[in-house]
Amino acid sequence: MSNRAPGATRVGWIGTGVMGSSMCGHLLARGYAVTLHTRTRARAEPLLGRGAAWADSPRAVAAASDVIFTMVGFPRDVRACVLGDDGALAGARPGAVLVDMSTSEPALAREIAEAAAKRDVHALDAPVSGGDVGAREARLSIMVGGDQATLEAVRPLLDVMGRTVVLQGGPGAGQHTKMVNQILIASGMIGVCEALLYGFRAGLDLPRILESVASGAAGSWSLSNYGPRIIAGNFDPGFFVEHFIKDMAIALDESRRMGLALPGLALAQQLYLSVQASGWGRNGTHALQLALAKLSGIDWTRRG
């Protein structure tokens, strides 16, 4: 495989959600010819208006592409749009590359790689971290599972979307690394939300708190990026609660398979299930603040 450059590489894109739209947009801006498909065509209209071509199915996307990216919500969506009868693998030509950037199951990533190899198609699992901000600003961290040669062939495209691109191992290793990422975030978000709740009840000025703690030992990406949104009462999704619950379920399933006890992750999942049960599943992960405030009798959106 040769390196992939604008003008010489046809790109396929499947999934234009909160992050996928920005990621695909960066490829368009760099001059790549893009054919795309997403479940609801209206969500793709901004990209179509910028020059992307529409395809009626993942299979049709793959038939028109050299490198096919998928960025969808759940493992069942990955399976359908890659391995289904009308999926990308059915339309991919020998030598094509499938890059799944969804957060999915390590076992499914291995299954895709094995099925692709039988058709002389290359596959990478390449989930990302950085949320909507990282996607918009092209500074995602991309965790890759697969082989080095395939990664190097598509690295120019990944570099358009991310700042850190690291091969973690063979098929499924990218997804395992994303689970490490999500375990770190899960407990960290509890700390961010509880700390701000404490500060509020103590009568402190919350933006001033961030000035002091965000740059110290307690600082984190979640505190710096979600803290201001929580304070402002803006719970629009950078990453959906329901998708985070899915990720934690994958991590817990994998931990049980490996004989690990992860009580912090289990607690975080239970708290996030309460967020979803309260009707905030389509809000951002920082909507945990709403559920924790509710436990203390505080309506966070009406505090004053």
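Values in this text are rule-based calculations from the coordinates and carry no lab data. As the structure is a computational prediction, the values presented were derived from the model and not from experiment. Every residue, glycine as well, gets a Cβ built from its backbone with ideal geometry; the counts of neighbours run over all protein chains shown.
Translational diffusion of the chain, estimated by Stokes-Einstein from the Kirkwood radius over alpha carbon pairs at 4 °C in a medium of 1.567 mPa s, is 65 µm² per second.
Direction-averaged shadow area of the convex hull around the Cα atoms of the stretch 136-236, nm²?
Details: hull surface 31.1 nm².
Approximately 7.8 nm², given one-decimal rounding.
Taking one quarter of the surface of the C-alpha convex hull of the stretch 10-169 gives a mean projected area of 7.8 nm². Using the alpha-carbon centroid of each, what span in Å lies between the stretch 241-301 and the stretch 97-132? For the stretch 241-301 versus the stretch 97-132, the Cα centre distance is 26 Å.
Computed over the chain, the per-residue total of -39500 (n - 2.57) for DSSP H runs of n ≥ 4 gives a 222 nm mean residue ellipticity of -15500 deg cm²/dmol, rounded to 500. When peptides 227-235, 85-93 are ranked by their average number of other Cβ atoms within 10 Å per residue, the highest-first order is 85-93, 227-235. The ellipsoid that matches the Cα gyration tensor of the stretch 15-66 has semi-axes, each √(5λ) in whole angstrom, of 15, 14, 9, with the longest given first.
Beta bridges per DSSP, both residues in the chain: antiparallel share near 15 percent.
Rounded to the nearest 5, what is the percent of antiparallel bridges among the DSSP beta bridges in the stretch 10-169? Bridges in the stretch 10-169 are about 10 percent antiparallel.
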